[in-house]
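Down below is the structure, laid out as structure tokens.
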Amino acid sequence: MGWGIIANLDRRPAAEPIAALFGSNSSGNSQPVKSPSRSGVFEDNADARMEAFAESISFDRRLYRQDIRGSIAHAEMLATVGLISSEEFAQIRDTLREIEGELDAGRLPIRFELEDIHMHMEQALIDRIGDVGRTLHTARSRNDQVSTDIRMWVRDALDKLDGQLEALQHAFLGRCERDFYIILPAYTHLQRAQPVLAPHYWLAYIEKFARDRERVADCRRRLNRCSLGVAAVAGTTLPIDRDQTARLLEFDGVTANSLDTSSDRDFMLESAFALSVIASHLSGWAEEWILWSTVEYGFLQLPQAFCTGSSIMPQKVNPDALELIRGKSARVMGNLQTLMLLVKNLPMAYNRDLQEDKPPLFDSFDTVSAMLELAEPIVAGSELVRETINDRLERGYLDATTLMEWMIRKGMPQRRAHHLVGAIVGEAMRRGVSLANLPLEVMQSHAAEIDESVYDSLGTKNAVAAFVSYGSTAPDQVRAQIARWTKILHGCSPETSPGSADS
Ligand code: ARG
């Protein structure tokens, strides 16, 4: 198999064809290397088709920084317990840093027969420092190595994701004051239901993304245990110090059962699920704003920088960014399915199937990150179209429930009030007027209890103002929630406790 150069290690898409990645003989050295994993009982070389089929370097090259960091920590621990000398550790550490620098610059030969990032890094070390490099894999297997590498990678990716979710929350919060006095219809079943303040919508999204951030934090907390030292499956007979390795790599502790650890990919499933929920929230939001930006709704003007035109219809401004956010969410959910199916029938412990975990996981992180990168400027840069919203706001009887509750406050049983308001709305529909424009005598002909003061609760503006319950769209409630979120987002860490009706 040929040699090549790894370039842009953490940027190329996982699905890129291998041939395009590696080029041929670009290092000038074409000596085949016998795979370290075949230096045991093997007499025959691997079939080239087998090597091409089994390689993972085309996608796990993204783990090189984690792999090098994990190896340096492992070597330091080996030196501390006396399994290698401190000079050997220093040589391993300095050489691995040198290799990392070359990889950062996109220079390092790759060799198919070395399968994965772990063997590439080890071989690069051995090529440079010979026997000292051959000590690094003491008390370690690629099984615990890959588990630790991917935990560190996911940990970083979750931190980035949290930052992006927070930025999106800021974008919604930033709209709350400027849109405060705009009233929008709230829908159920996509039918006009009750009036709400526009910031009530924005706060709804802030809440959804807050739960997403809690899920992200939860995934991070559970995965943050170091698996190095589990070795292949049963542990090691050598006197290692797992706690030291864990500390050096900033884990909260070590995993407790080697069998479990060698087989465990729960943390990937959880992350893929958390990503799927985020994708679902983004997709629902995108769908809503696509609708709102149509002539039929006319609620929203999207920023043109995130729209595209038509090659044939000059008038078109299409919401492609939102459509792609909605469309790409399918891949993220598909990746969760792939991961679930991948692990569901595996006997303990490590099985090579697990190598297939990385492409869907990387893809989910990449896709959601790209979705969030666009969502934020779209949220910040769109404008509500007050005229169209207001023009149609008094249509759809958004204040009918308020009228019913006005009658309940006057002492009427809910079922009777519901029935009577139904009749009153029917009457208004036949006359083609809003409830606020229905004469008092007409209302009284349905319910004699109604008096002049009812008009203080009719019309969307009055109706919005009439809400009082905690979490409702009442202006005071919305103001309190804006204040709460301003404190959380501009103050400190994400709040995890639920709100209280007394707060
Ligand atoms: N490339 C492998 C993976 O991603 C590394 C572990 C290989 N272990 C083994 N025993 N073959 O899972």
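Details
- Options 139, 124, 186: the member that is touching a Gly at 6+ places or on another chain (Cβ under 9 Å), farther than 30 Å from residue 360 by Cβ and in contact (Cβ under 8 Å) with a residue 24 or more places away in the chain: 139
The rows are residues; the columns are (1) small (Gly, Ala, Ser); (2) closer than 22 Å to residue 383 by Cβ.
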| position | (1), (2) |
| --- | --- |
| 249 | no, no |
| 259 | no, no |
| 283 | yes, no |
| 304 | no, yes |
| 311 | yes, no |
| 317 | no, yes |
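- Residue list for region 335-381, filter: touching a Ser or Thr at 6+ places or on another chain (Cβ under 8 Å) and basic (Lys, Arg): 358
- Exactly one residue among 138, 95 is out of contact with any strand residue (DSSP E or B) (no Cβ under 8 Å at 6 or more places or on another chain), more than 16 Å from the ligand (Cβ to nearest atom) and part of a helix (DSSP H, G or I), and that residue is 95.
- Top-ranked residue in region 49-68 [being closer than 15 Å to residue 120 by Cβ and of a type in the set (Lys, Arg); ranked as farthest from the ligand (Cβ to nearest atom)]: 65
- Within region 380-397, the presence of at least one residue that is among the aromatic types (Phe, Trp, Tyr), over 23 Å from the mean Cα position of the chain (by Cα) and more than 15 Å from the ligand (Cβ to nearest atom) is confirmed.
- The condition (being in contact with a Phe, Trp or Tyr (Cβ under 7 Å, 6 or more places away or on another chain) and either surrounded by 15 or more Cβ atoms within 10 Å (Cβ to Cβ) or basic (Lys, Arg) (or both)) is satisfied by just one residue among 286, 321: 321.
- Residue satisfying condition, being surrounded by 15 or more Cβ atoms within 10 Å (Cβ to Cβ), within 16 Å of the ligand (Cβ to nearest atom) and in contact (Cβ under 8 Å) with a residue 40 or more places away in the chain, within set 227, 280, 276: 227
- Hey, residue 71 touching a residue at least 24 places away in the same chain (Cβ under 8 Å), within 16 Å of the ligand (Cβ to nearest atom) and out of contact with any Asp or Glu (no Cβ under 6 Å at 6 or more places or on another chain) or not: yes
- Taking the listed residues 92, 150, 117, the one that is more than 34 Å from the chain's Cα centre (by Cα) and at pLDDT 95 or above is 92, with no other qualifying.
- Residue in region 363-378 that is within 16 Å of the ligand (Cβ to nearest atom), surrounded by 15 or more Cβ atoms within 10 Å (Cβ to Cβ) and at pLDDT 95 or above present: yes
- Restricting region 450-470 to residues that are part of a loop (DSSP other than H, G, I, E, B) and exposed (fewer than 15 other Cβ atoms within 10 Å of the Cβ) leaves a set whose member that is farthest from the chain's Cα centre (by Cα) is 451.
- Of all residues in region 302-318, those that are among the hydroxyl-bearing types (Ser, Thr, Tyr) and either closer than 19 Å to residue 285 by Cβ or touching a residue at least 12 places away in the same chain (Cβ under 8 Å) (or both) total 1.
- Residue 80 fulfils the conditions (1) modelled with pLDDT under 95; (2) over 21 Å from residue 109 (Cβ atoms); (3) among the β-branched types (Val, Ile, Thr) except for a single criterion, (1).
The values are calculated or read from the model by the stated rules, or taken from the named source; none is laboratory data. Note that this is a predicted model, so its numbers are computed, not measured. Because the Cβ atoms are built from the backbone with ideal geometry, glycine has one as well, and the counts that use them run over all protein chains shown.
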